[in-house]
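First up is the structure itself, then whatever we jot down about it.
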Amino acid sequence: MEFVDRLLTCADCGGEFIFTAGEQLFFFDKQFKNDPKRCKPCKSKRAGVGLKAGAGPAAAGLSRTETRTECSACGVETTVPFKPTQGRPVLCRQCFQAKRAPTTGALVTAATTAEMVAGGTEHVGVSAELLTAAQAPHA
Ligand SMILES: [Zn+2]
Ligand SMILES: [Zn+2]
């Protein structure tokens, strides 16, 4: 069986993409009955979204769960890389650091630290680091 490159139209973006002979051979091999419906970018976009339906656009590139919440201290909207516990204060990054700054570090127990880790997506690296230390009592 001979295969030649074919031009297909993407069902999502309407753009044309090439269904290569190699891909057709693969489809034939796998006994797929239907032609691909979407171009590669749209296909990977869908795959990414499918994992986390309903999550914000920022979550597309993140594997971590981001929860939208409000800072208990200043009320600013923030996202946290964990599910806040009911009744526990959740602080934005600014308030979190303000709280940590004083030498009365004893006030901040390991348990409350878990709830205080916060910040925008640009702080994910920091949050992840703090979260790792706080995950044990949480689980
Ligand atoms: Zn497309
Ligand atoms: Zn705050």
remark   = Taking 0.36 nm per residue of separation between Thr9 and Ala21 and subtracting their Cα-Cα distance, the length gained on full extension comes to 2.7 nm
Full-extension gain in nm, Arg88 to Cys74, via 0.36 nm per residue minus C-alpha separation = 3.6 nm
key: the range 6-51 - charge dipole about Cα centre, Lys and Arg +1 at Cβ, Asp and Glu -1, debye rounded to 20   = 160
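Values quoted throughout were computed directly from the atomic coordinates according to the rules given, and no laboratory measurement underlies them. Everything numeric here is computed off the predicted structure, so don't read it as measured data. As a convention, Cβ positions derive from the backbone with ideal geometry for all residues, glycine included, and neighbour counts pool all protein chains shown.
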